[in-house]
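Note sheet for the following structure.
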Amino acid sequence: MMAFAPAENLVAMADAPPTIDAALKAAYDAAAIYFPFTDVLVADPYKDIADGLKLAFTIGQSHVVGGTTTDMVTIANDRAFAQVWIGADDKLPRMVRAVYLDDPARLRHQIEFSGWKVDGPVSADAFGSSRGAGATRMEFARPDPSPPPAPGKAPKGKTK
């Protein structure tokens, strides 16, 4: 797995688990890296989306995403409210808008999917980055701040 920050020219690399589901979990566990909208890419999208589902209904059809006819669906659970545009013929997601309910700013996140090639060949270098490979290495690590030292104890590396 590679996390590349081009502006800082920093890269973190780690061995990737064999599945996308496991790689997403490993990236989150090791470095608190979260990718919105992964629900549509995991092995069982229905399970991820249906978990805790409180509301789901069809709004109707639309012709505004990618020049194709889509079915508009609204879904909600205790964590998010989303509108999903699904290709009427191919049943592939075309666009998702979501508001995460625990986000105090209630920002709207949006992603659009296009150029679907289901089960197509993937070249070995599709997920590589020549710029990332040449960047300064750093460890995969969570950005959580270190807890403050206990009262009366000096931080590591310092003496009183």
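What the table below lists for this structure:
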read-out: Check on GLN110, at pLDDT 90 or above and open to solvent by 80 Å² or more (accessible area, probe 1.4 Å); value: yes
read-out: Tally of residues being of a type in the set (D, E, K, R), farther than 23 Å from ALA3 by Cβ and open to solvent by less than 90 Å² (accessible area, probe 1.4 Å) across region 74-107; value: 3
read-out: Candidate set: region 101-130, residues that are outside any loop (DSSP other than H, G, I, E, B) and polar (S, T, N, Q); chosen: the one farthest from LEU53 (Cα to Cα); value: SER130
read-out: Subset of region 77-97 (residues that are in contact with a Phe, Trp or Tyr (Cβ under 7 Å, 6 or more places away or on another chain) and hydrophobic (A, V, I, L, M, F, W, C)); value: ALA80, LEU92, MET95, VAL96
read-out: Residue identified as touching a Pro at 6+ places or on another chain (Cβ under 6 Å) and free of Cβ contacts under 8 Å to residues at least 60 places away in the same chain among ALA26, ALA50, ALA76; value: ALA26
read-out: Top-ranked residue in region 126-147 [being within 21 Å of the chain's Cα centre (by Cα) and surrounded by fewer than 10 Cβ atoms within 10 Å (Cβ to Cβ); ranked as modelled with the lowest pLDDT]; value: ASP144
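The values are calculated or read from the model by the stated rules, or taken from the named source; none is laboratory data. Everything numeric in this text was worked out from a predicted model, so none of it was measured. Glycine gets a Cβ as well: all are built from the backbone with ideal geometry, and neighbour counts include every protein chain shown. In case anyone asks, the SASA skips ligands and DNA or RNA and just uses the protein heavy atoms, side chains included. Shrake-Rupley method; radii C 1.70, N 1.55, O 1.52, S 1.80 Å.
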